[in-house]
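What follows is a single structure, written as structure tokens, with notes after it.
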Amino acid sequence: MTRSIMSSLAPLNVLLAFISPAQAQETHQPPPDTEPTLSSTPPSMSSQAQAANDANSPLTPTIMLSMHNYYIPSLNDVPDRDANVTLLRGLLPHKTFGEPQLFRATLPVSTTPTFPTGSKTGVGDLLLMDLVMFPGKKVSFGAGPVVVAPTASSDRFGAGKWQLGASGAVVAPQKWGLLGGLAIYQHSVAGNDDRHDVRLLTVQPIAFYNLQHGVYLRSSGIWNFDLKSGDHYVPVGAGIGKIWELSPKVRLNTFVEPQYSVIQKGVGAPEWQIYAGVNIQIAAR
């Protein structure tokens, strides 16, 4: 049962983000002869809409440090037990081979139940992702490779496999907010022969609606599909966030989003969860 629970929680390691968990909007690299700022939205938008869309975009070219947390108070077929996953994430824009790119690293720290009582906490597998950006006036895209390194502190918290895959993001900014999505596929290629192979797909539809004074509504549940076992769960979220402009180059973004799994299959799959996080964005040259 323990392995089944960890299999269902493992997809949280790939949030794109994005789990910030994922967020979207048109982006442009700042011209080399101008002072860098956090803005990457068309100037036709209001300043408030621009700030909110840029803060919630996975394709905004800023340095970002994030801490996101999933508290899971209810697990499928595991009564009266809970779990927790914290995602430590860094984002670094760069330009390699003349193409604007975003490099992201995510390291999970998980607490899972033991049986018959108790729990254990450990570090999970490190996920590395690099998105090549294709900015557009109405819709922007990003695509690139994914590498997962078996850095887990024990078998309980990771797959024990090196994994390769691909990721893709699409973003459509609106005057009222933004729409988009992020997908990641990862497949085991090497590692411990005694561990199960990995074939994992996550899809994250995202929607943000901007209110006044940096406040916004959000939905960013990550749909998880274990293509090897057939287990899956589809959460739908409804939450709220707040953006603070600390300076022209530094922005703070906090949010909380309860999510309910409208579809679920597999022992230990989250029935519902509370997703919360904080992002610090710093304009990059």
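The values are calculated or read from the model by the stated rules, or taken from the named source; none is laboratory data. As the structure is a prediction and not an experimental result, all values here were calculated from the model. Don't worry about glycine lacking a Cβ; one is built from the backbone with ideal geometry, like all the others, and counts go over all protein chains shown. Note: accessible area is taken over every heavy atom of the protein model, side chains too, but ligands, DNA and RNA are not part of it. Shrake-Rupley method; radii C 1.70, N 1.55, O 1.52, S 1.80 Å.
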Requested in this report: Kindly report the accessible area of segment 46-144 per residue (heavy atoms of protein chains, probe 1.4 Å, no ligands, DNA or RNA), in Å².
Outcome: 43
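Lysine pairs in segment 108-250 with alpha-carbon atoms under 20 Å apart, 8 or more places apart or on different chains: how many are there?
Lysine pairs satisfying the spacing and distance rule in segment 108-250 number 4.
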Query - Charge sum, other residues only, whose C-beta stays under 14 Å from residue 48's C-beta, Lys/Arg counted +1 and Asp/Glu -1 - result: +1
Report task. Report in % the part of the accessible area of segment 165-269 that belongs to carbon and sulfur, leaving out ligands and nucleic acids; probe 1.4 Å. Result -> 64
Requested in this report: Please give the residues of segment 233-272, grouped as numeric ranges, whose backbone N is less than 13 Å from a label point set 7 Å along the Cα-to-Cβ vector of residue 199.
Outcome: none
Query raised in the report: In whole Hz, what ³J(HN,Hα) sequence does segment 55-60 give by Karplus (6.51, -1.76, 1.60; θ = phi - 60°), x for Gly and Pro?
Result: 5, 9, 9, x, 10, 6
Query raised in the report: How large is the accessible surface per residue of segment 154-267, computed with a 1.4 Å probe and reported in Å² as a whole number?
Result: 47
